[in-house]
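Okay, structure first, notes after.
The values are calculated or read from the model by the stated rules, or taken from the named source; none is laboratory data. Keep in mind that this is a model prediction, so the values were computed, not measured. Virtual Cβ from ideal backbone geometry, glycine too; neighbours counted across all protein chains shown. Ligands, DNA and RNA are stripped out before the accessible areas are found, and what is left, the full protein with its side chains, is counted by its heavy atoms. Shrake-Rupley method; radii C 1.70, N 1.55, O 1.52, S 1.80 Å.
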Amino acid sequence: MKEVKLSECGLSYAVVSIMGPQSSGKSTLLNNLFSTNFREMDAFKGRSQTTKGIWMARCAGIEPCTIVMDLEGTDGRERGEDDTAFEKQSALFALAVSDIVLINMWCHDIGREQAANKPLLKTVFQVMMRLFSPRKTTMLFVIRDKTRTPLENLEPVLREDIQKIWDSVPKPQAHKDTPLSEFFNVQVVALSSFEEKEEQFREQVASLRQRFHQSIAPGGLAGDRRGVVPASGFSFSAQEIWKVIKENKDLDLPAHKVMVATVRCEEIANEKYAAFVENEEWSQLEETVQSEPVSGFGKKINSLLHACFSEYDAEATYFDEGVRTAKQKQLQEKLLQLIQPAYQSALGHVRSGTLDRFKEAFEKALKGGGRFSEAANNCVESCVAQFDEKCADVVIELANWDTSKVREKLLRDIDAHVASVREAKISELTSSYEEKLKLSLSGPVEALLDGANSDTWPSVRSLLKREMQSAVLGYSTALNGFDMDEETRQNMISSLEDFARGVVEGKAREEAGRVLIRMKDRFTMLFSHDSDSMPRVWTGKEDIRSITKTARSASLKLLAVMAAIRLDDGDKDNIEKTLAVALLDASGNPIRSITVADPLATSSWEKIPASKTLITPVQCKSLWRQFKMETEYSVSQAISAQEANKRNNNWLPPPWAILALVILGFNEFMTLLKNPLYLGVIFVIFLLLKALWVQLDIAGEFRHGVVPGLISLSTKFVPTIMNLIKRLAEEGAGAGAGAGAPAANENPQRSSSKSNSNAVPVGSSVSSSSSSNVTSLDNGKRHTSSSKDE
């Protein structure tokens with residue numbers, strides 16, 4: 001079958017077989033009729049068995065393709081009288097596979113009861129009953145060595161004999177009344193003797209040969225045949241038929257036909273599946289689609305599948321339709337199962353690509369200033385349409401796979417991305433407004449709390465309300481673009497309001513932690529500065545007690561303001577009064593503080609919840625005690641400064657001392673009046689002491705204390721005395737040398753004398769000049785006054 005390429009013929013082929021007695025010239029007839037080369041009997045060697053078994057060949061020059069089978073002759077002596085099994089097997093095989101059966105018989109046997117053709121026909125009809133649904137076969141009787149009796153006379157006799165044999169053969173109940181024509185198309189032809197009339201034989205054979213051209217066409221020898229096995233399954237069918245016949249089983253040709261179709265269609269399907277798997281274009285598609293999208297994926301796959309199924313249909317078209325369709329469906333399922341991973345990868349690329357495009361478009365829309373919900377809806381609608389369009393390019397026509405799950409996953413991914421972006425945008429928006437609130441509240445609240453007074457918390461409430469209304473208005477407008485339900489929107493606005501209050505409360509708690517520093521700063525500011533914010537000088541006229549009480553009251557006011565949070569309009573308390581009574585009044589009246597219960601001996605304020613309490617009463621008492629301890633030093637320093645100033649201002653001795661000096665020193669005073677020279681000496685001594693006072697800067701040295709002043713003066717006293725004497729000597733020498741100088745030199749001296757008139761009385765120019773020109777030594781360095789330089 002492979003050699004003659006029968007599988008390419010489809011249903012356009014015919015099978016011819018020949019039966020007949022041994023040595024009746026069957027092979028010779030076939031060789032002359034179909035140009036075959038079957039082995040022929042050599043008449044010169046005697047009559048014996050030539051063909052053993054079944055031999056097959058292709059008829060040369062006959063269309064369509066015709067296969068001829070040369071069967072072993074019947075009634076041969078080699079097999080004996082009792083060995084008729086093979087005759088029946090070969091006859092059944094020939095009837096099962098052949099379209100035309102040639103029955104070779106001698107002309108002189110026609111009309112005889114026990115002639116050789118009768119056992120052959122009985123065998124043929126008997127095996128026919130073993131076929132459950134026999135095919136309609138053309139039975140062509142070839143009468144050999146025709147005599148002078150016309151064929152018109154021989155044919156009726158032969159047909160009558162055939163009918164008698166048919167009637168005598170036992171038949172199953174289903175075919176008991178079935179006529180012979182239902183199973184056989186009987187035709188008769190006569191040929192002259194090959195040995196005696198060879199030329200006439202060959203002419204008749206050539207004429208008969210023409211009847212085999214287009215034998216399967218309507219009107220041909222086998223034009224009404226049934227149940228033809230497609231050519232590609234003929235080999236397998238013949239082998240299976242022979243196998244069943246050898247096992248001596250009844251041959252169910254319809255079932256066999258289905259079996260052949262099943263096996264052959266399955267083979268074809270497997271071949272096409274293997275060819276598809278090895279297809280280079282498919283391999284490239286499968287490899288490429290794993291890593292990147294493939295343009296026209298569905299179209300390419302559909303083309304490959306269509307080509308595969310077309311080839312399958314072309315090869316399996318002649319087999320049983322039910323089997324062919326079933327195997328095609330199996331092939332389709334296998335191919336689709338093979339393709340599905342690549343299809344899923346292609347869909348995955350479409351989904352991921354669509355999601356990436358959505359992200360880009362969505363981001364661009366948001367940057368363009370569009371509302372969030374509108375941008376999201378527009379981008380989702382556009383990208384889903386793109387996804388559906390891309391899916392149409394990937395879809396496999398035969399698969400009818402549903403892309404709804406991938407579409408749903410895309411929508412879930414898009415919704416998740418939108419939700420994440422919405423959350424990020426809302427978080428960013430919320431953070432922005434929270435930062436604005438923090439900036440607009442932190443500084444002003446800190447400043448208001450720093451300058452705590454009766455209007456502090458109303459001012460804080462007003463500031464909070466104003467800033468919160470402004471922020472909520474902008475925040476609410478911005479949230480309208482996110483398409484959220486009213487409840488969520490109100491919750492977010494409430495969260496922003498809570499944040500604003502939290503900022504104020506946090507700043508208040510922060511300031512409450514520094515309340516002691518603030519109290520000391522306020523006390524220092526009020527105690528050490530006057531009403532014009534100028535540093536206070538303790539001259540002795542100030543009322544330190546009153547100033548201290550005022551400063552402490554202001555500090556207590558600060559403590560009262562910072563003791564609790566008062567952000568609600570209805571918040572009223574008596575914290576300041578309680579603190580004043582417990583701390584200021586108690587400090588002024590120690591007896592009362594002992595006899596009356598301490599209002600600060602508790603951990604909570606009246607009418608103030610714990611959540612709004614910044615400093616508990618007990619903590620206030622502790623802070624006030626520490627505050628007083630740390631400010632006592634400033635008060636004591638002020639008192640000391642005031643007393644020192646009073647001492648400095650009272651340089652005159654007491655009146656009684658002055659009176660005692662006048663009474664007791666009257667005699668000395670009169671002595672001085674009587675001897676004016678004593679006054680001059682006293683005056684000179686005064687000038688020297690004054691010069692020493694100025695040069696040594698005694699007042700400045702004692703600013704740092706008595707002991708340091710004495711040590712410093714002891715180191716400077718002797719050098720200063722020596723310099724002073726030296727200067728006096730130089731001035732005296734200069735005065736003697738300048739007695740006869742020109743009058744022009746008197747002007748500078750007069751100017752110098754005049755410039756020192758503020759220090760000493762008039763007439764003491766020399767002493768004044770000397771005292772003003774004394775050189776001072778500071779740390780061993782010598783400095784000369786401006787008068788000497790001049």
When (1) over 23 Å from Ile67 (Cβ atoms); (2) touching a helix residue (DSSP H, G or I) at 6+ places or on another chain (Cβ under 8 Å); (3) not in a helix (DSSP H, G or I) are applied to Val189, the one that fails is (1)
Filtering the stretch 484-493 down to residues that are open to solvent by 20 Å² or more (accessible area, probe 1.4 Å) and either of a type in the set (Lys, Arg) or part of a helix (DSSP H, G or I) (or both) yields Glu486, Glu487, Thr488, Arg489, Gln490, Asn491, Met492
| message | Taking the criterion of being in contact (Cβ under 8 Å) with a residue 40 or more places away in the chain, of a type outside the set (D, E, K, R) and part of a loop (DSSP other than H, G, I, E, B), would at least one residue in the stretch 154-169 satisfy it? | response | yes
(1) assigned to a helix (DSSP H, G or I); (2) hydrophobic (A, V, I, L, M, F, W, C); (3) touching a Gly at 6+ places or on another chain (Cβ under 7 Å) all hold for Phe319 apart from (1)
Inside the stretch 525-555, the number of residues satisfying the requirement of being of a type in the set (S, T, N, Q) and within 21 Å of Ala580 (Cβ to Cβ) is 5
- Task: Can you confirm whether the stretch 502-521 contains a residue that is within 20 Å of Glu632 (Cα to Cα) and either acidic (Asp, Glu) or touching a Gly at 6+ places or on another chain (Cβ under 9 Å) (or both)?
- Result: yes
Could you tell me whether any residue of the stretch 709-720 is touching a Lys or Arg at 6+ places or on another chain (Cβ under 8 Å), of a type in the set (A, V, I, L, M) and surrounded by 15 or more Cβ atoms within 10 Å (Cβ to Cβ)?
no
Checked against (1) at pLDDT below 80; (2) surrounded by fewer than 13 Cβ atoms within 10 Å (Cβ to Cβ), Gly540 satisfies every condition except (2)
Of the residues in the stretch 543-560, those that are basic (Lys, Arg) and buried (at least 19 other Cβ atoms within 10 Å of the Cβ) come to Arg552, Lys557
In the set Ala238, Ala217, Ala269, Ala274, the lone residue that is without any contact (Cβ under 8 Å) to a residue 12 or more places away in the chain, out of contact with any Pro (no Cβ under 7 Å at 6 or more places or on another chain), of a type in the set (A, V, I, L, M) and assigned to a helix (DSSP H, G or I) is Ala274
Against the definition (surrounded by 12 or more Cβ atoms within 10 Å (Cβ to Cβ), modelled with pLDDT under 90, not in a helix (DSSP H, G or I) and not charged (D, E, K, R)), how does Gly298 come out, yes or no? no
Over 28 Å from Gly481 (Cβ atoms), in a helix (DSSP H, G or I), touching a helix residue (DSSP H, G or I) at 6+ places or on another chain (Cβ under 9 Å) and open to solvent by less than 20 Å² (accessible area, probe 1.4 Å), is that true of Ala346? yes
If we ask which residues in the stretch 614-624 are open to solvent by 80 Å² or more (accessible area, probe 1.4 Å) and touching a helix residue (DSSP H, G or I) at 6+ places or on another chain (Cβ under 9 Å), their number turns out to be 0
Q | Meets criteria (free of Cβ contacts under 8 Å to residues at least 60 places away in the same chain and open to solvent by 70 Å² or more (accessible area, probe 1.4 Å)) for Val684 | A | no
In the stretch 170-186, anything surrounded by fewer than 15 Cβ atoms within 10 Å (Cβ to Cβ) and not in a helix (DSSP H, G or I) is listed as Pro170, Pro172, Lys176, Asp177, Thr178, Pro179
**Prompt:** open to solvent by 10 Å² or more (accessible area, probe 1.4 Å), farther than 14 Å from Ala399 by Cβ and either part of a helix (DSSP H, G or I) or not aliphatic (A, V, I, L, M) (or both) - does that describe any residue in the stretch 331-343?
**Reply:** no
Of the residues in the stretch 93-120, those that are buried (at least 22 other Cβ atoms within 10 Å of the Cβ), part of a helix (DSSP H, G or I) and either at pLDDT below 80 or among the small types (Gly, Ala, Ser) (or both) come to Ala94, Ala96, Asn117, Leu120
Q) Do we have any residue at all in the stretch 460-483 that's under 37 Å from the mean Cα position of the chain (by Cα), surrounded by fewer than 16 Cβ atoms within 10 Å (Cβ to Cβ) and among the charged types (D, E, K, R)? A) yes
When the stretch 527-537 is checked residue by residue, the ones that are closer than 19 Å to Lys557 by Cβ and open to solvent by less than 70 Å² (accessible area, probe 1.4 Å) are Phe527, Ser528, His529
For the stretch 1-31 the number of residues that are modelled with pLDDT of 80 or more, part of a loop (DSSP other than H, G, I, E, B) and either surrounded by fewer than 20 Cβ atoms within 10 Å (Cβ to Cβ) or under 60 Å from the mean Cα position of the chain (by Cα) (or both) is 8
(request) Might you check whether a residue that is open to solvent by 10 Å² or more (accessible area, probe 1.4 Å), farther than 28 Å from His213 by Cβ, among the hydrophobic types (A, V, I, L, M, F, W, C) and modelled with pLDDT under 75 occurs anywhere in the stretch 32-41? (result) yes
Here the qualifying pairs (Cβ atoms under 7 Å; residues six or more apart or on different chains; first in the stretch 486-510 and farther than 22 Å from Glu423 by Cβ; second assigned to a helix (DSSP H, G or I) and among the hydroxyl-bearing types (Ser, Thr, Tyr)) come out as Val503/Ser442; Lys507/Ser442
Being crowded, with 18+ Cβ neighbours inside 10 Å, within 24 Å of the chain's Cα centre (by Cα) and closer than 24 Å to Val504 by Cβ narrows Leu437, Leu429 down to just Leu429
Residues in the stretch 446-483 that are part of a helix (DSSP H, G or I), in contact (Cβ under 8 Å) with a residue 24 or more places away in the chain and under 30 Å from Phe523 (Cβ atoms) total 8
For Glu311, the lone unmet condition from (1) closer than 27 Å to Lys257 by Cα; (2) touching a Ser or Thr at 6+ places or on another chain (Cβ under 9 Å); (3) of a type outside the set (Phe, Trp, Tyr); (4) open to solvent by 70 Å² or more (accessible area, probe 1.4 Å) is (2)
